[in-house]
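The values are calculated or read from the model by the stated rules, or taken from the named source; none is laboratory data. Keep in mind that this is a model prediction, so the values were computed, not measured. Cβ placement follows ideal geometry from the backbone for every residue including glycine, while neighbour counts extend to all protein chains displayed.
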Amino acid sequence: MSVQVRPLVDRDFFTWLGLFEGYSDFYKSTLTDEKALRVWSWITDRNHELEGSVAVDDSGDLLGFVHYRQVPRTLDATRGLFLDDLFVVPGSRGNGVGRALMDFATQYARDNGLTQVQWVTAADNKTAQRLYAGVGTKTDWVTYEIEL
């Protein structure tokens, strides 16, 4: 099976929605229609910073997605790429789909003159961490958040 990665387009909405539901379920987050439509509108709005791309197989079936945005890197006075979400359908994991999405994001960053690709994942997501250890470096940073 070959995997290609391309930007999301309007016709992908319903298939993307199924993937996004799987992603939300994986992280035990309730996905409402309102949330899904808002995220989709961000991705498809050329004036919004969030972008999205999908991995597709030879038949054009969507196997996974990555959502990303350019961010300032103040200590370097450069810009980087932050990966907000990366998801691969369970049946396609371990088949190079996640790697293809990461390679796409890295090439996107290079093509846009960005200096870093950064992301976070759940501490217990060992499957993703195996992929990430092969493409990047685990940092010493500790993440905090304040829910409002």
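Could you tell me which residue of region 70-109 is surrounded by the fewest Cβ atoms within 10 Å (Cβ to Cβ), considering only residues that are in contact (Cβ under 8 Å) with a residue 60 or more places away in the chain and among the β-branched types (Val, Ile, Thr)? Quick ask: steps written out before the conclusion?
Of the residues in region 70-109, the ones in contact (Cβ under 8 Å) with a residue 60 or more places away in the chain are 85, 87, 89-90, 95-97, 100-101, 103-104.
Subsequent filtering for residues that are among the β-branched types (Val, Ile, Thr) retains 89, 97.
Numbers: Val89: 17, Val97: 26.
Ranking the qualifying residues of region 70-109, first place goes to Val89.
State yes or no: is Leu63 within 20 Å of Arg130 (Cα to Cα) and either under 14 Å from the mean Cα position of the chain (by Cα) or surrounded by fewer than 15 Cβ atoms within 10 Å (Cβ to Cβ) (or both)?
Yes, satisfied.
So, restricting to strands (runs of 3 or more DSSP E) that lie completely within region 1-120, which ones have at least 2 residues that are more than 30 Å from Asp140 (Cβ to Cβ) and modelled with pLDDT under 95?
On the way: elements: 4-7, 51-56, 62-73, 78-88, 117-119.
Of the strands (runs of 3 or more DSSP E) lying wholly inside region 1-120, none has at least 2 residues that are more than 30 Å from Asp140 (Cβ to Cβ) and modelled with pLDDT under 95.
Can you name the residue in region 77-93 that is closer than 11 Å to Ala105 by Cβ and of a type in the set (A, V, I, L, M) and, of all such residues, is nearest to the chain's Cα centre (by Cα)?
Leu86
Could you please tell me which pairs satisfy a Cβ distance under 9 Å, a separation of 6+ or placement on different chains, a first residue in region 110-121 that is in contact (Cβ under 8 Å) with a residue 24 or more places away in the chain, and a second residue that is exposed (fewer than 14 other Cβ atoms within 10 Å of the Cβ) and small (Gly, Ala, Ser)?
Correct list of pairs: empty, since none qualify.
Kindly provide the set of residues from region 121-140 that are exposed (fewer than 12 other Cβ atoms within 10 Å of the Cβ) and under 15 Å from Gly80 (Cβ atoms), ordered by number.
Across region 121-140, the qualifying residues are Thr137, Thr139.
Looking at (1) within 17 Å of the chain's Cα centre (by Cα); (2) within 21 Å of Met102 (Cβ to Cβ), can you tell me which one Asp58 breaks?
With respect to (1) within 17 Å of the chain's Cα centre (by Cα); (2) within 21 Å of Met102 (Cβ to Cβ), Asp58 is out only on (1).
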